[in-house]
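Novice: Mind looking over this structure? Questions follow.
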Amino acid sequence: MTRAPATVESEVLQVLDELWNEKLLPFALTVGKLTKEPAEYIIHFHDSRISTARVPLIEGLSFRERFGPLSCVAWQKSAAL
């Protein structure tokens, strides 16, 4: 079953807020857009420190579970640093 993009985007925003509140992220991030590729979601941020995060599509896992071990998320720094 495929989720509606708005539902996935809402889940991403909720997970990022939870990680920030739990002090698992060093700073708050503002999502610019969310794109879906064949094997991953790419979260584009409005931030000069981190431009994107690549979250693998893992069947049966929620976004929260994918972010649990942060090592499975590929964070990309902005080139401006």
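Novice: Where the second residue is among the acidic types (Asp, Glu) and the first is surrounded by 15 or more Cβ atoms within 10 Å (Cβ to Cβ) and lies in the stretch 31-56, which pairs have Cβ atoms under 7 Å and are six or more apart or on separate chains?
Specialist: Between residues of the stretch 31-56 that are surrounded by 15 or more Cβ atoms within 10 Å (Cβ to Cβ) and residues that are among the acidic types (Asp, Glu), the close pairs are Leu34/Glu9; Arg54/Glu40; Val55/Glu40.
Novice: Here's another thing I want to ask about it. What single numbered condition from (1) at pLDDT 75 or above; (2) in contact with a Ser or Thr (Cβ under 7 Å, 6 or more places away or on another chain); (3) exposed (fewer than 12 other Cβ atoms within 10 Å of the Cβ); (4) of a type outside the set (Ser, Thr, Tyr) fails to hold for Asn21?
Specialist: Result: Asn21 fails condition (2) only.
Novice: Among the residues of the stretch 1-17, write down those that are touching a Lys or Arg at 6+ places or on another chain (Cβ under 9 Å) and either of a type in the set (A, V, I, L, M, F, W, C) or modelled with pLDDT under 85 (or both).
Specialist: Selection gives Pro5, Val8, Glu9, Glu11, Val15.
Novice: Inside the stretch 13-37, can you point out the residues that are among the charged types (D, E, K, R) and touching a strand residue (DSSP E or B) at 6+ places or on another chain (Cβ under 9 Å)?
Specialist: The answer is Lys33, Lys36, Glu37.
The values are calculated or read from the model by the stated rules, or taken from the named source; none is laboratory data. Because the structure is predicted, anything quoted here is derived from the model rather than measured. No Cβ is skipped: glycine too gets one built from the backbone with ideal geometry, and neighbour counts run over all protein chains shown.
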